[in-house]
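J.: The structure under discussion is supplied below as structure tokens; questions concerning it will follow.
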Amino acid sequence: MSYKWKIFHRPMNVGISLAEDIIKTFCILHNYVRNVDTDSESRGTSAAIRIRDKFSDFFVSEEGALHGKF
């Protein structure tokens, strides 16, 4: 998961409860992306990659960041 979600490349400076929520959220997103990949004719189609990248870009952006929202 850390390959797709760069947030896991550094320590999370949040409380335990928020860290748990972040991890659960990324597990759900990871499973969603896997389902998109397997629903396609072949793994890693350009459509699946675009969807994955869109989610990834949003959640690492300032707009999609979880800090201060809980």
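J.: Within the stretch 31-56, track down each residue that is closer than 15 Å to Y3 by Cβ, open to solvent by 40 Å² or more (accessible area, probe 1.4 Å) and modelled with pLDDT of 80 or more.
T.: Listed by number, the residues that qualify are I49, R52, D53, F55.
J.: It is to be established whether one or more residues within the stretch 14-26 are open to solvent by less than 80 Å² (accessible area, probe 1.4 Å), in a helix (DSSP H, G or I) and modelled with pLDDT under 70.
T.: No, the conditions are met nowhere in the stretch 14-26.
J.: Moving to a separate point now. Being part of a helix (DSSP H, G or I) and either among the hydrophobic types (A, V, I, L, M, F, W, C) or surrounded by 10 or more Cβ atoms within 10 Å (Cβ to Cβ) (or both) is the filter here; which residues of the stretch 2-13 pass it? Walk me through it before giving the result.
T.: The first filter runs over the stretch 2-13 and keeps only residues part of a helix (DSSP H, G or I), leaving 6-9.
Residues satisfying the conditions are K6, I7, F8.
The values are calculated or read from the model by the stated rules, or taken from the named source; none is laboratory data. All values reported here derive from a predicted model rather than from experimental measurement. Every residue, glycine as well, gets a Cβ built from its backbone with ideal geometry; the counts of neighbours run over all protein chains shown. Only protein heavy atoms, including side chains, enter the accessible area calculation; ligands, DNA and RNA are left aside. Shrake-Rupley method; radii C 1.70, N 1.55, O 1.52, S 1.80 Å.
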